[in-house]
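Peer 1: Have a look at this one.
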Amino acid sequence: MPGPRRLRRGARSRTFLAVKLPEGGPHDHAFTHDLPPGPFEHEVAVGWGDADPAQIAYTGNVPAWGLRAIEAWIRRCLGVGWFEMNVDLGVGTPFVELGAVFHAPITPRHPLRMRVWVERVGRSSLATCVELLQEGRLCATGRYVCSFVDAVAMRAIPIPPQMRTNLCRYAARQGRPFEDRPG
C-alpha cells in the first residue's frame, strides 16, 4: 500500500492515503457475511425533542434520519463509513439531490424503521430511496443522490470498481429492480 502523499488544495495542504482497494479487503465486509436478501433496514428512536409544536416529527429531521440510514447501509455494504472513505481513501460522496414525499405523520410513539433501496448505480453517482415506516405504515419516502468525487479536487470520479461490485451485489439482492449504468 502506498504511503501518504501531500497534495496542495488552495492555500492549505491535506494528507490522504492514495490506496487501491484490495480484493477481499474491508470494502467487501458485507458480503463475507450472510447479508439477508431484501432491503437494508435501520431503526431510530423518535424522541420528544424530535417533535415540533404539532406533536409530530419536525420535517427537517426526515432527511437527516434518511442520511443516517444510508450511512449505516454504506458501512455495512462497503465495510467502510463515509468518514473513512473521505479521509483514508480520498473518495468523497457529496449529495447532489435530496427530496422527500410525506405520506403520514411520524410521532415519538413508535420506533422509526427505514429501508434503503438502490435505484441506480451510475458511472460516478448513486441514487437511493429510503422508506420511513412506523408500525408498518409508510410515513415518508426520500430520494438521495450522491456523486463519487476525488476528496481533494472535488471532481467526479468513477465509482471505484470494488465499491461498484458491492453496491450492485446488494442491489441485485434487494428485491426491487435497479439501474446499473457503468458508463
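The values are calculated or read from the model by the stated rules, or taken from the named source; none is laboratory data. From a predicted model like this one, the values you see are computed outputs, not experimental measurements. Note that we place each Cβ from the backbone using ideal geometry, even for glycine, and neighbour counts take in every protein chain shown.
Peer 1: Scan the range 114-131 and tell me whether some residue there is among the aliphatic types (A, V, I, L, M) and surrounded by fewer than 16 Cβ atoms within 10 Å (Cβ to Cβ).
Peer 2: no
Peer 1: For the range 33-53, how many residues meet the condition of being touching a strand residue (DSSP E or B) at 6+ places or on another chain (Cβ under 9 Å) and not in a strand (DSSP E or B)?
Peer 2: 5
Peer 1: So, one more: Of everything in the range 66-78, what is touching a residue at least 40 places away in the same chain (Cβ under 8 Å), over 17 Å from Leu133 (Cα atoms) and buried (at least 21 other Cβ atoms within 10 Å of the Cβ)? Give them in sequence order.
Peer 2: Cys77, Leu78, listed by residue number.
Peer 1: Out of everything in the range 81-91 that is in contact with an Asp or Glu (Cβ under 8 Å, 6 or more places away or on another chain) and surrounded by 20 or more Cβ atoms within 10 Å (Cβ to Cβ), what residue ends up being nearest to Leu167 (Cα to Cα)?
Peer 2: Looking at the filtered set, the residue picked out is Val91.
Peer 1: Mind telling me which of the residues Val116, Val101, Val121, Val87 ends up being in contact (Cβ under 8 Å) with a residue 60 or more places away in the chain, among the β-branched types (Val, Ile, Thr) and within 15 Å of Gly66 (Cα to Cα)?
Peer 2: Within the list Val116, Val101, Val121, Val87, the selection yields Val116.
Peer 1: Only one residue in Leu126, Leu133 is in contact (Cβ under 8 Å) with a residue 24 or more places away in the chain and under 21 Å from Trp65 (Cα atoms), so which one is that?
Peer 2: Residue meeting the stated conditions: Leu126.
Peer 1: Do we have Ala30 as at pLDDT 50 or above and assigned to a helix (DSSP H, G or I) here?
Peer 2: For Ala30, the condition - at pLDDT 50 or above and assigned to a helix (DSSP H, G or I) - is not met.
Peer 1: May I pose another question? Which residues, counting only those in the range 92-139, are out of contact with any Asp or Glu (no Cβ under 6 Å at 6 or more places or on another chain), under 15 Å from Ala171 (Cα atoms) and charged (D, E, K, R)?
Peer 2: Once the filter is applied, which keeps residues that are out of contact with any Asp or Glu (no Cβ under 6 Å at 6 or more places or on another chain), under 15 Å from Ala171 (Cα atoms) and charged (D, E, K, R), the range 92-139 yields only Glu119.
Peer 1: If you go through the range 92-99 one residue at a time, do you hit one that is more than 19 Å from the chain's Cα centre (by Cα) and either modelled with pLDDT of 95 or more or exposed (fewer than 15 other Cβ atoms within 10 Å of the Cβ) (or both)?
Peer 2: No; the residues of the range 92-99 include none that is more than 19 Å from the chain's Cα centre (by Cα) and either modelled with pLDDT of 95 or more or exposed (fewer than 15 other Cβ atoms within 10 Å of the Cβ) (or both).
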